[in-house]
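Participant: Okay, here's the structure, questions in a sec.
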Amino acid sequence: EAVEMTAFEDFVQEQVLAGRSVLGLYPPTDADVADLFAAWRASKGR
């Protein structure tokens, strides 16, 4: 469980540093966050 949360928090950090608002991202209430996270994980091998 901790590994999963760490991966998601790394994703969130990258998104925020790239300029995205944290609203809807953390906690993940926007519909597109799950898809973006899945694509991020695939690209990072995580």
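The values are calculated or read from the model by the stated rules, or taken from the named source; none is laboratory data. Computed from a predicted model, the values in this text were never measured in an experiment. For the accessible areas, the whole protein counts, side chains as well, though only heavy atoms, and no ligand, DNA or RNA atoms are used. Shrake-Rupley method; radii C 1.70, N 1.55, O 1.52, S 1.80 Å.
Participant: Relative to the longest principal axis of the chain, what angle (0 to 90°, nearest 10) does the C-alpha long axis of helix 2-17 take?
Facilitator: Once rounded, the angle reads 40 degrees.
Participant: Could you please state how large a percent of the accessible area of the chain is carbon and sulfur, counting protein chains only and using a 1.4 Å probe?
Facilitator: The C+S portion of the solvent-accessible surface of the chain is 60 percent.
Participant: Sort V22, V12, V3 by heavy-atom solvent-accessible area, probe 1.4 angstrom, most to least. Don't jump to the answer; show the numbers that get you there.
Facilitator: Values: V22 70, V12 15, V3 110 Å².
I get V3, V22, V12, largest accessible area first.
Participant: Limiting things to C-alpha atoms, what are the Rg and the maximum Cα-Cα separation (Dmax) for the chain, in angstroms?
Facilitator: When restricted to Cα atoms, the chain yields Rg and Dmax of 9.9, 27 Å.
Participant: Accessible area per residue, 1.4 Å probe, Å², for the chain: what's the number?
Facilitator: Values: 3250 Å² over 46 residues.
Accessible area per residue: 71 Å².
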